[in-house]
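Below: one structure, written as structure tokens.
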Amino acid sequence: MRPATTLAVAGRVLTQIRRDHRTLVMLLVVPCALVSLLWWMFEDLPGNSFDTLGPGLLAMFPFIIMFLVTSVTTLRERSSGTLERLLAMPMGKLDFLLGYALAFGAIAAVQASLAVGVSVGFLGLDVNGPVWLLGIVAIVDAVLGTALGLFVSAFATSEFQAVQFMPLVVIPQLLLCGLFVPREALPPVLEAISDVLPLSYAIDAMQELVVSADESLVWRNIAVVLAFAVAGLALGAATLRRRTA
């Protein structure tokens, strides 16, 4: 792995995304719009439903969007022959994957700052813990989505197939992460499955910031999510193919 090569890959990805206005809107504007829509839905209802669901969705939206964009973008690089040409240069698979992770991590930082700023500053999301830590969790979750998107792209031969991985990889995590039903209230088998899904720990970290703001528990959950992200990148490096079969 060469740091200069990794940075060059990251710079190339950021340049491509900067020129793609539709992708920029999806990455930066859509999460803010979805959080605002949720706030609007609960505005006239009794209770603090937005304060309950808002933090979890701040973890969920970056994960989903980064997974989708990364898996499709990586597959496009391979099917167009760009990946094969890049890997023919003095660059390893890990350089490519880390460059992508670094680029999308930088975008995730902007995305999380915007979403958290809108939620806390304009929509009145009540957070007991540090607001900056809320942003850190959102960024780490976006990096997780990037890592898993890079991994599953190796098993798809078309952009449509890449999207089809969402019901397999993303939706079970959304259902079992504890956002809709507390994880401890799930049937034992589903609770055990939830315990090995990374999104569960991101939701736990977000909810911890709202309820008791125990920063030690938040950092522990962040470490678990990061471990899954690193594992996803390692698996992505092991399975990345130069071209689409």
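About the Cα centre of the chain, how large is the charge dipole given +1 on each Lys and Arg Cβ and -1 on each Asp and Glu Cβ? Please answer in debye to the nearest 20.
1520 debye
Tell me, what is the FRET efficiency for Ala109 and Ala185 to the nearest 0.05, using R0 = 30 angstrom and their Cβ-Cβ distance as r?
Plugging the Cβ-Cβ distance into 1/(1 + (r/R0)^6) gives 0.30.
Taking the chain as the reference, fit the longest principal axis to its C-alpha atoms, fit the long axis of helix 30-42 to the helix C-alpha atoms, and give the angle between the two in degrees, 0 to 90, nearest 10.
20 degrees
Please list, in order along segment 183-195, the HN-Hα scalar couplings obtained from phi with the Karplus expression 6.51 cos²θ - 1.76 cosθ + 1.60 (θ = phi - 60°), rounded to whole Hz, x for Gly and Pro.
Whole-Hz 3J(HN,Hα) from phi for segment 183-195: 4, 5, 8, 6, x, x, 5, 5, 5, 5, 5, 4, 5.
Could you derive backbone 3J(HN,Hα) for segment 167-178 from the dihedral phi with the Karplus parameters 6.51, -1.76 and 1.60 (θ = phi - 60°), listing whole Hz in sequence and x where the residue is Gly or Pro?
x, 7, 9, 8, 4, x, 5, 5, 6, 10, 7, x
Can you give me the angle between helix 3-19 and the longest principal axis of the chain, using Cα atoms only, in degrees from 0 to 90, rounded to the nearest 10?
The angle comes out near 70 degrees.
Quick one: if the Förster radius is 51 Å, what FRET efficiency do Thr239 and Arg19 give, using the C-beta to C-beta distance and rounding to 0.05?
It comes out at approximately 0.95.
Would you compute, from DSSP H runs of 4+ residues alone, the mean residue ellipticity of the chain at 222 nm, taking -39500 (n - 2.57) per run and dividing by the full residue count, rounded to the nearest 500?
Values: 12 runs with 176 residues, N = 245.
It lands at -23500 deg cm²/dmol.
Sort out for me the Cα centre separation of segment 9-69 from segment 182-239, rounded to whole Å.
Segment 9-69 and segment 182-239 have Cα centres spaced 19 Å from each other.
Suppose the chain between Arg2 and Val29 were pulled fully straight at 0.36 nm per residue; how much longer would it get relative to their current alpha carbon spacing?
My answer for the length gained is 6.4 nm.
Every read-out reported here was derived from the displayed coordinates using simple, explicitly stated rules and does not represent laboratory data. The structure displayed is predicted, hence computed values, not measured ones. Here Cβ is always computed from backbone atoms with ideal geometry, including for glycine, and neighbour counts include all displayed protein chains.
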